[in-house]
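These notes concern the structure reproduced below.
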Amino acid sequence: QPELSGDFGELMGWADKVRRMRVRANAETPHDAQVARDFGAEGIGLCRTEHMFFEADRIVAVREMILAEDKKGREAALTKLLPMQRSDFEALFKVMAGLPVTIRLLDPPLHEFLPHSDDEIEEVAKSSGMDAQKLKDRAHKLHEFNPMLGHRGCRLGVSYPEISEMQARAIMEAACNVAKETGEKVTPEIMVPLVAKREELAFLKERIDCIAIEVLKENGIKLDYLVGTMIELPRAALTADAIAQDAEFFSFGTNDLTQTTFGLSRDDSASFLPDYMRQGIFERDPFVTLDPDGVGALVEIAAEKGRATRPNIKLGICGEHGGDPDSINFVEGAGLDYVSCSPYRTPIARLAAAQAKLRKNDGGSTA
Ligand code: PEP
Ligand code: MG
């Protein structure tokens, strides 16, 4: 049990008294959420829902959904996924017991969901009643040469709004169920990924709000929920004032923001990064430590523009940088409200947030 006690617990207590920023964790399983809480996380900053879809009993329904020919076919698959998602979210809300939970709508690289063999096609054909050859043709059509710049994030939700609607319903139903069962406050934060244009967020927010109002009415309860977005594309950062019209919070997805600012694949950089480090072109791996001049500047611009539109907009970071002390120091400077990191990095983030605050009080010198 990773309880923090003794001297280490005392040190964490000091850090908590000093720091300004909240510390959350990235988690999608009840186990990880519990680890995060044991390490002192004050909420979930990122639940990547696509990770919930890879288990054997779910991936077939997900493939049915992606490969369906029409809305009717997709809805049949979504009906299978709704109860599973609802119970996923109920479990998370219960572990987090009233702390905020940010749930991100599906952000798949589509190729990870597509069937990779004839056996997998057969499985989908059997469960959906669709013709195997048709499924194969459809999978072929969905193939992308550059999936990380393809039909992912909110783009999938715009093409197939019923997927986002199913998730919004599952989140809100779970929140209502847990609030009724435990009597605790449940505050879901619904997060739209990979927004580049405010119209994408506006399109999805309208549908999320519709579903949320419907579910709250069905349950006869009042419950606060937020709708916000990730800022993980340079265009989103530069137009954050417009995007903030529909976003109650921003969470900086610095993994993708680094990838898209440098035009550098987050999955392939290892091949030449060591050369760049040796040549002194990169001092640090930008996927580990926030690049202050490019990515960091975009974070500052977006924070400023977001606040200009919505002064109390909630701002966080949930890329890997959220657990890196130098990056935490940077976002303290940008005035973010919280960082979200992997559960096991929570104590490091608590300490780094306190050190960053002390440095800031000191006028920027090393604490
Ligand atoms: C990010 O891009 O920084 C992020 C948190 O999202 P993901 O890593 O899931 O793309
Ligand atoms: Mg991302």
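Taken as a whole, the structure places Asp285 among residues that are outside any helix (DSSP H, G or I), over 21 Å from Met230 (Cβ atoms) and away from ligand 2 (no atom under 16 Å from the Cβ). When the stretch 156-170 is limited to residues that are surrounded by 17 or more Cβ atoms within 10 Å (Cβ to Cβ) and small (Gly, Ala, Ser), the one that is farthest from Leu92 (Cα to Cα) turns out to be Gly157.
In the set (1) within 16 Å of ligand 2 (Cβ to nearest atom); (2) open to solvent by less than 10 Å² (accessible area, probe 1.4 Å), the condition left unmet by Ala244 is number (1).
For the stretch 278-335: of the residues being open to solvent by less than 40 Å² (accessible area, probe 1.4 Å) and without any contact (Cβ under 8 Å) to a residue 12 or more places away in the chain, which is nearest to ligand 1 (Cβ to nearest atom)?
In the first step, residues of the stretch 278-335 are kept if they are open to solvent by less than 40 Å² (accessible area, probe 1.4 Å); the result is 282, 286-287, 289-291, 294-299, 302-303, 306, 313, 315-319, 321-324, 327-328, 331-332, 334-335.
Next, from what is left, pick out any that are without any contact (Cβ under 8 Å) to a residue 12 or more places away in the chain: 282, 297.
Details: Phe282: 19, Ala297: 17 Å.
Of everything passing the filter in the stretch 278-335, Ala297 is nearest to ligand 1 (Cβ to nearest atom).
The set of residues in the stretch 79-111 being within 25 Å of Thr187 (Cβ to Cβ), of a type in the set (A, V, I, L, M) and either over 16 Å from the mean Cα position of the chain (by Cα) or open to solvent by 20 Å² or more (accessible area, probe 1.4 Å) (or both) consists of Leu81, Leu82, Met84, Ala91, Val95, Met96, Ala97, Leu99. Confirm whether Gly153 is surrounded by fewer than 17 Cβ atoms within 10 Å (Cβ to Cβ) and either farther than 30 Å from Gln259 by Cα or within 16 Å of ligand 1 (Cβ to nearest atom) (or both). So Gly153 does not fit the description; no. Taking the criterion of being open to solvent by 10 Å² or more (accessible area, probe 1.4 Å) and within 25 Å of Asp291 (Cβ to Cβ), the residues of the stretch 221-241 that qualify are Leu233, Pro234, Arg235, Leu238, Thr239, Asp241. Is it true that some residue in the stretch 182-200 is within 15 Å of ligand 1 (Cβ to nearest atom), in a helix (DSSP H, G or I) and of a type outside the set (Gly, Ala, Ser)? Scanning the stretch 182-200, I find no residue that is within 15 Å of ligand 1 (Cβ to nearest atom), in a helix (DSSP H, G or I) and of a type outside the set (Gly, Ala, Ser), so the answer is no.
Here the condition is being under 26 Å from Cys47 (Cβ atoms), under 17 Å from the mean Cα position of the chain (by Cα), open to solvent by 10 Å² or more (accessible area, probe 1.4 Å) and among the acidic types (Asp, Glu); of Glu206, Glu173, Glu181, Glu200, it holds for Glu200 alone. One residue stands out among those in the stretch 348-367 that are over 25 Å from Met191 (Cβ atoms) and touching a residue at least 24 places away in the same chain (Cβ under 8 Å): the one that is most open to solvent (accessible area, probe 1.4 Å), which is Lys360.
Kindly provide the set of residues from the stretch 122-135 that are assigned to a helix (DSSP H, G or I) and surrounded by fewer than 16 Cβ atoms within 10 Å (Cβ to Cβ), ordered by number. Let's see the steps before the verdict.
Residues of the stretch 122-135 assigned to a helix (DSSP H, G or I): 122-128, 132-135.
Listed by number, the residues that qualify are Glu122, Lys126, Ser127, Ala132, Gln133, Lys134.
Note on the stretch 292-323: residues that are within 26 Å of Asp268 (Cα to Cα) and away from ligand 2 (no atom under 16 Å from the Cβ) total 5. When residues in the stretch 231-277 are screened for being in a loop (DSSP other than H, G, I, E, B) and touching a residue at least 12 places away in the same chain (Cβ under 8 Å), 13 of them pass. For the stretch 187-206, the criterion of a residue being hydroxyl-bearing (Ser, Thr, Tyr) and modelled with pLDDT of 95 or more is satisfied by no position. Going by what's in this entry, would Phe282 be described as on the phi < 0 side of the Ramachandran plot and touching a helix residue (DSSP H, G or I) at 6+ places or on another chain (Cβ under 7 Å)? When the stated conditions are applied, Phe282 passes them.
The values are calculated or read from the model by the stated rules, or taken from the named source; none is laboratory data. Remember, predicted model here, so these are calculated numbers, not experimental data. With ideal geometry, Cβ positions are generated from the backbone for all residues, glycine too; neighbour counts draw on all protein chains shown. Heavy atoms of the whole protein, side chains included, go into the accessibility calculation; ligands, DNA and RNA do not. Shrake-Rupley method; radii C 1.70, N 1.55, O 1.52, S 1.80 Å.
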